[in-house]
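Q: One structure is given below, represented as structure tokens, and several questions about it will come after.
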Amino acid sequence: MLNDFRQYWVGFNLVKGIGAVRFRALLDAFGDPQTAWNAPVEDLRAAGLSARLIENLVNLRTDVSLEKVWEDIQAQDVQVLTWKDENYPSRLSEFNNAPPVLYISGEYRPEDEWAVAVVGTRRVTAYGRQVTESIARTLASSGVTVVSGLARGVDAIAHQAALDAGGRTLAVLGCGVDRIYPPEHRQLAEQVIAHGALISDYALGTPPEAHNFPPRNRIISGLSLATVVVEAGAKSGALITANFAVEQGREVFAVPGNVMTPQSKGTNRLIQQGAHPLLDPKEILETLELTLISEHREARVVLPADATEAQLFDILSHEPKHVDEIRAQANLPIEKVTAALAMMELKGMVRQVSGMRYYAVREIGAEYDVGK
């Protein structure tokens, strides 16, 4: 059953020391998480786990009831997304160190793929506040989801400005999604849940410990097309997010500031190192070609260009199908099918998920007739 399947992903998420790389190795060795979870010690050793990791795993599966853990997750209305889920954030899944498990409080939607991170110092200045509000408001008003970390300062201002503009926002936490930090942002967190989501790769109940926050920044940047740093001190955590964005091949924008102000030392240094100097929030939309995103969402209907596209579009539904199954149903050469699917994906007619599986995008149910 699906629930049982996800329980084992959650189980490995609880094992200290087993992250994305080791978990992927276990999947390669055993084929699925359930088999890996129940594997004997000698097989775990053969799969490359150290004695310490094996001890951690054995102790956990002895002491913890995955059924109880899963019941607690469901009781708190938290969604679990794994690498295998079609609605796992596609931008995040592009990276080898993407978290195997994400906990979602709220709702992550397909339109959240158009997202930009807005981050910065907790000790925000009046200038930083004004700029943050302008950036987040411009993005949200243009249909772009604003991503940040729910921290004091720039993060909270960005979330609130996006909400006030009627947009969506995602908050990536350095603790479990059931542990709001800082506590004074509980009301803000509730608004985020209603118009976006709280996201974490930490299990429920995980406290907001200092060492949790730097790693979570890779998720903030990974969910986003670009990262905007408004204000940041010389050693600000926002600079970690910017560095992750660079490693992930994403754009980085930095707001220029007073060279005498500590809060601008980090952003000015980013510009010196090659980040886009952000002088107008609209530059983000122009650089990322997001100026017409609202129109794209409202008119996401593309007619099939020929009979092959029409045939494949008829075969596909909202449930992903493997390319071999599509080819068999279409009774066409695989080269013709893959070429057509590639073109349809560029048009936004279909989306590809992991393992060469495709599903149709029918945001507006259009009737079409190739003969017309």
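Q: Quick one: how many lysine pairs in the chain have C-alpha atoms under 17 angstrom apart, if they're 8 or more apart or on different chains?
A: For the chain, qualifying lysine pairs total 4.
Q: What nm value, rounded to one decimal, do you get for the distance between residue 59 and residue 209 when each label is placed 7 Å out toward the C-beta?
A: 1.3 nm
Q: For residue 134 and residue 94, what does the FRET efficiency come to when R0 = 45 Å and r is the distance between their Cβ atoms, rounded to the nearest 0.05?
A: Efficiency, rounded to the nearest 0.05: 0.90.
Q: Ok, one more. With loop defined by DSSP as not H, G, I, E or B, and exposure as at most 12 other Cβ atoms within 10 Å, which is the longest segment of the chain clear of exposed GluC sites (Glu not before Pro)?
A: Between the exposed loop sites, the longest stretch runs 1-208.
Q: Consider the candidate values (1) 20.6; (2) 16.5; (3) 19.2; state which one is mean projected area of the Cα convex hull in nm² computed from the structure displayed.
A: Read-out from the structure maps to (1).
Laboratory data are not the source of any read-out in this text; all were calculated from the coordinates shown. Bear in mind that the values here come from a model prediction, so they are computed numbers and not experimental data. Note that each Cβ is placed from the backbone with ideal geometry, even for glycine, and that neighbours are counted across all protein chains shown.
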